[in-house]
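Peer 1: If you scroll down you'll find the structure; I have some questions about it.
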Amino acid sequence: MKKISKNLIVVLSIALILGLAGLTATFAATDPGLGAASTFSIVAQTAITGTGTISGDVGLNSTGAGITALTDAMVGGAIYSTDAVAPSTASLSPSVQANILTTNGDISSQSSTGSIGPVLDGLVLTPGVYDIGAGRLNGGVLTLDGAGVYILRASSDLVSSGSINLTNGARACDLYWQVNTLATINGSSFAGTIIAGTGVHFGNGVVLDGRALALGGDVTLLNNTISGPTCATPAPVPPASATLHVIKTVINDDGGTSVASDFTLNVTGTNVSSSSFAGSATGVDVTLDAGSYLVTEPSVPGGYSQTASVDCSGTIAAGETRTCTITNNDIAPTLISPTPTPTPTSTAPSLPNTGIGSDGRIIPWSLVSLVGMFTTLIILYFTRKKQTV
């Protein structure tokens, strides 16, 4: 008995896991595609009445007589019918109707994400397949949030006087409405490809970003604009802030020992995330508002020079990233030679000045000596002469 219970638990666990996996798969809608019908803005079976501005092709799965007011000038593509008689200019290929039927069958076969509505006003949906009963959008807004395929299936009719808000990547070309009977679209705008069983009728001035494809019945226009559906991806909104990548480079090729973190860097600008920080060899990211900025090094340690790259100052735009590099290079020490000790020199003694002559010049000792010798000789001469007498 215990063995049976254990086996039962294992089986139930596996079934639960597989069941959850199956549920996860049902949440994802896949694009059914339209094949040859993808270029058509309008396809009807019995008639196309009224006027409007149509961006794509228009097709009537009947004779051209069923197109009562629409002209070539109102249509960006071509007008097709089964007999290619005015106002039609070309014959409608059977593949167009066949592809619409295939698309409708694909939509019917997809697993449901869930049932909602029938009132759709104020709902916010993510991509998926939704059953909406007799869908009603009574003047409010249905929001589709996120990129992906949206399929909304009405079991009877669809009546709208509201609008569709596409946000966060949701696109009109990814939105499909399957309506079992009649789709009546009023209000000011609508979005998506409408595939209706018995016809599509538009109120006055409605703008459709999508297609109106009637599997049976007619399409009725009243001064409407049918364009698209647009598949352009919305341009991303650039961030309000910009980024500075600040790098500190230290070169020690002349005996220096400092590292990047020994240097302080400052950033000035608007709403700077970090206005002062230690340098980093790998860089520091600083966010700031778009506008002018300046990266500085308030003090440079002794023995280092400083240079800054061109992007360390200027004007930066929102969403832009710039790299500023401040480089410090160590300075080689200056060698100072010692002052040599002077060698003493001997000075020969000199005689005192002899006096100044009448012309203002010093009388040289050579002249004094000569006069002295001459005077001495005169004296000796007269002395000896006197002794002789």
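The values are calculated or read from the model by the stated rules, or taken from the named source; none is laboratory data. Everything numeric here is computed off the predicted structure, so don't read it as measured data. Counting neighbours? That spans all protein chains shown, and the Cβs are built from the backbone with ideal geometry, glycine included.
Peer 1: When only residues in the stretch 37-51 that are surrounded by fewer than 22 Cβ atoms within 10 Å (Cβ to Cβ) and more than 18 Å from Thr103 (Cβ to Cβ) count, which is nearest to the chain's Cα centre (by Cα)?
Peer 2: In the first step, residues of the stretch 37-51 are kept if they are surrounded by fewer than 22 Cβ atoms within 10 Å (Cβ to Cβ); the result is 38-39, 45-47, 49-51.
Within this subset, residues satisfying the condition of being more than 18 Å from Thr103 (Cβ to Cβ) are 46-47, 49-51.
Details: Thr46: 50, Ala47: 49, Thr49: 47, Gly50: 45, Thr51: 43 Å.
Checking each candidate, the answer is Thr51.
Peer 1: Something else: Does any residue of the stretch 151-160 turn out to be outside any strand (DSSP E or B) and crowded, with 19+ Cβ neighbours inside 10 Å?
Peer 2: Within the stretch 151-160, none of the residues are outside any strand (DSSP E or B) and crowded, with 19+ Cβ neighbours inside 10 Å.
Peer 1: Would you pick out the residues in the stretch 171-184 that are free of Cβ contacts under 8 Å to residues at least 40 places away in the same chain and surrounded by fewer than 24 Cβ atoms within 10 Å (Cβ to Cβ)?
Peer 2: Asn180, Thr181, Leu182, Thr184
Peer 1: Identify, please: which residue in the stretch 354-389 is at pLDDT 65 or above and among the polar types (S, T, N, Q) and is, among those, surrounded by the fewest Cβ atoms within 10 Å (Cβ to Cβ)?
Peer 2: Looking at the filtered set, the residue picked out is Thr388.
Peer 1: Could you check the stretch 204-224 and list, in sequence order, the residues that are under 38 Å from the mean Cα position of the chain (by Cα) and farther than 14 Å from Thr193 by Cα?
Peer 2: Scanning the stretch 204-224 gives Gly205, Val206, Asn224.
Peer 1: Of the conditions (1) more than 25 Å from Ser227 (Cβ to Cβ); (2) buried (at least 18 other Cβ atoms within 10 Å of the Cβ); (3) charged (D, E, K, R), Asp57 clears all except one; give me its number.
Peer 2: Asp57 satisfies all of (1) more than 25 Å from Ser227 (Cβ to Cβ); (2) buried (at least 18 other Cβ atoms within 10 Å of the Cβ); (3) charged (D, E, K, R) except (1).
Peer 1: Read through the list (1) within 39 Å of the chain's Cα centre (by Cα); (2) at pLDDT below 95; (3) assigned by TED's automatic domain parsing to the domain that holds Gly162, then give the number of the only condition that Pro87 fails.
Peer 2: Only one criterion in (1) within 39 Å of the chain's Cα centre (by Cα); (2) at pLDDT below 95; (3) assigned by TED's automatic domain parsing to the domain that holds Gly162 is unmet by Pro87, namely (1).
Peer 1: Which members of the stretch 293-313 meet the condition of being assigned to a strand (DSSP E or B) and either at pLDDT below 95 or surrounded by 14 or more Cβ atoms within 10 Å (Cβ to Cβ) (or both)? Even if it seems obvious, please write down each step before you answer.
Peer 2: Residues of the stretch 293-313 assigned to a strand (DSSP E or B): 293-296, 304-308, 313.
Across the stretch 293-313, the qualifying residues are Tyr293, Val295, Thr296, Tyr304, Ser305, Gln306, Thr307, Ala308, Ser313.
Peer 1: Of the residues Thr323, Thr315, only one is within 30 Å of Gly255 (Cα to Cα) and within 24 Å of the chain's Cα centre (by Cα); which?
Peer 2: Criteria check complete, one pass: Thr323.
Peer 1: Taking the stretch 127-142 only, how many residues are buried (at least 16 other Cβ atoms within 10 Å of the Cβ) and either under 32 Å from the mean Cα position of the chain (by Cα) or among the hydroxyl-bearing types (Ser, Thr, Tyr) (or both)?
Peer 2: Within the stretch 127-142, residues that are buried (at least 16 other Cβ atoms within 10 Å of the Cβ) and either under 32 Å from the mean Cα position of the chain (by Cα) or among the hydroxyl-bearing types (Ser, Thr, Tyr) (or both) number 4.
Peer 1: Of (1) surrounded by fewer than 19 Cβ atoms within 10 Å (Cβ to Cβ); (2) small (Gly, Ala, Ser); (3) without any contact (Cβ under 8 Å) to a residue 60 or more places away in the chain; (4) outside the structural domain of Thr49 (by TED's automatic domain parsing), Gly203 satisfies all except one. Which?
Peer 2: (4)
Peer 1: Quick one: which strands (runs of 3 or more DSSP E) sit completely within the stretch 199-291 and have at least 3 residues that are touching a Pro at 6+ places or on another chain (Cβ under 8 Å) and not hydroxyl-bearing (Ser, Thr, Tyr)?
Peer 2: Here the list reads 207-214.
Peer 1: Can you spot a residue in the stretch 101-111 that is in a strand (DSSP E or B) and either free of Cβ contacts under 8 Å to residues at least 60 places away in the same chain or outside the structural domain of Asn180 (by TED's automatic domain parsing) (or both)?
Peer 2: no
Here is a yes/no grid of residues against (1) closer than 27 Å to Asp174 by Cα; (2) of a type outside the set (Lys, Arg); (3) in contact (Cβ under 8 Å) with a residue 24 or more places away in the chain:
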position	(1), (2), (3)
Phe40	yes, yes, yes
Ala44	yes, yes, yes
Gly50	no, yes, yes
Ser55	yes, yes, yes
Thr63	no, yes, no
Leu70	no, yes, yes
Met74	yes, yes, no
Ile79	yes, yes, no
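Peer 1: Can you tell me which condition Gly192 does not meet? The list is (1) at positive phi; (2) free of Cβ contacts under 8 Å to residues at least 24 places away in the same chain; (3) crowded, with 22+ Cβ neighbours inside 10 Å; (4) of a type outside the set (Phe, Trp, Tyr), and all the others hold.
Peer 2: (2)
Peer 1: When the stretch 119-159 is examined, which residues are found to be of a type in the set (Gly, Ala, Ser) and in contact (Cβ under 8 Å) with a residue 40 or more places away in the chain?
Peer 2: Those that are of a type in the set (Gly, Ala, Ser) and in contact (Cβ under 8 Å) with a residue 40 or more places away in the chain: Gly128, Gly135, Gly139, Gly148.
Peer 1: Can you tell me how many residues within the stretch 179-220 are in contact with a helix residue (DSSP H, G or I) (Cβ under 7 Å, 6 or more places away or on another chain) and more than 22 Å from Ala69 (Cβ to Cβ)?
Peer 2: Total meeting the criteria: 5.
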